[in-house]
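The values are calculated or read from the model by the stated rules, or taken from the named source; none is laboratory data. None of the values given here were measured: they were computed from a predicted structure. Positions of Cβ are generated from backbone atoms using ideal geometry, with glycine treated the same way; all protein chains shown enter the neighbour counts.
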Amino acid sequence: MSTVNTSEEVNRRGFLRTAAITVAAAVPAASAESRMSLPDEGPMPDLGGAIGWLNSAPLNSKSLRGKVVLVDFWTYTCINSLRPLPYVKSWAAKYKDAGLVVIGAHTPEFSFEKEPAKFENALRDLKITYPVAIDSNYRIWQGFNNEYWPAEYFIDAKGRIRFHHFGEGEYAESERVIQELLRENGATGLDGSTVSVTADGVEAAPSADVQSPETYVGYRRAERFASSRDSRKTYNPPAKLSLNKWGLSGAWNVGAENATLQEVPGKIMFRFHSRDLHMVLRPAKTGESVRFKVELDGVEPHDDSGVDSGPDGTGTVREPRLYQLIRQKGPIQDRTFEIEFLDPGAQAFVFTFG
């Protein structure tokens, strides 16, 4: 499994699928009657580095002694963090009375994710009611020596880390770890089945045919950029896009994290292969909104529109978050996506697929 230093500007989320399979494979499947052998991975770090807490008074390793704890590192614009949420929320509800405490450690990737009001709005929209530590300074992340979104750490009632899982998937195995740690702590009468989750929108599981990688727009991590630029920072669209190439059209200011549209018209295009296409977008100024229209292979998406775009491709960016712009209903094949912003001030951060 590849690892990275948290100070490196790399795509930590790009390693997640491989990491999840590698780590989870070490834990055998278990029935309700069998017991699992879980190693001791060291003490749970203290949680004192949080700058604040939501849905709870501040928690720490001492106050949590005697409870089984799941710490979930996530961030609210990360598709890899959002898709596991239905399972994490289900575990929090199912095992609360048996002694499980779920803690979401929100460690931001983009600078705007540190803004308290926007994060609190996202938490309400996502219907997260378990305790969330606001880890904007990466203190909890560093205490766990964590390197991925999402990452889950399973801690027993003695305060020892007994298992960890990086990335999406392997949900049944993770739930069996929770059951085993609860049994070790004396819980009886546990329901030995695992939760069944049906999710839609951005929380739905990815398709089995994703051939397009997460792609950043800001220059710090931009890859596969196909447009040309002149000295006025006016971008010319590529004549043709090959698979997984993207480009800009119009007057854009490309910064380290994002590209900001200076004046209309302005477009972004991407040749992709997946069921879903998402973008992290925001208006440059708080309180303003930016209208957009998307096309798929040069026409309105109709039935292939996402939850944030209409059948005619129209939609509005009102707050910083992940926007699902395309969800194909038919066979998955190479398609060309284009989004035109009808107002200046759009900020584009990253493409993700599913």
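Points to keep in mind about this one:
- Residue check for Ser81: modelled with pLDDT of 95 or more, polar (S, T, N, Q) and closer than 26 Å to Glu180 by Cβ: yes
- Checked against (1) more than 12 Å from Glu340 (Cα to Cα); (2) assigned to a strand (DSSP E or B), Asp308 passes all but a single condition, namely (2).
- Within the stretch 71-117, the set of residues being of a type in the set (A, V, I, L, M, F, W, C) and within 18 Å of Glu203 (Cβ to Cβ) comprises Phe73, Trp74, Cys78, Ile79, Leu82, Leu85, Val88, Trp91, Ala92, Ala93, Val102.
- Residues satisfying the stated conditions in the stretch 194-228, i.e. over 16 Å from Glu168 (Cα atoms), aliphatic (A, V, I, L, M) and in contact (Cβ under 8 Å) with a residue 40 or more places away in the chain: Val217
- Test: residue in the stretch 48-66 that is buried (at least 22 other Cβ atoms within 10 Å of the Cβ), touching a Leu at 6+ places or on another chain (Cβ under 8 Å) and of a type in the set (A, V, I, L, M): no
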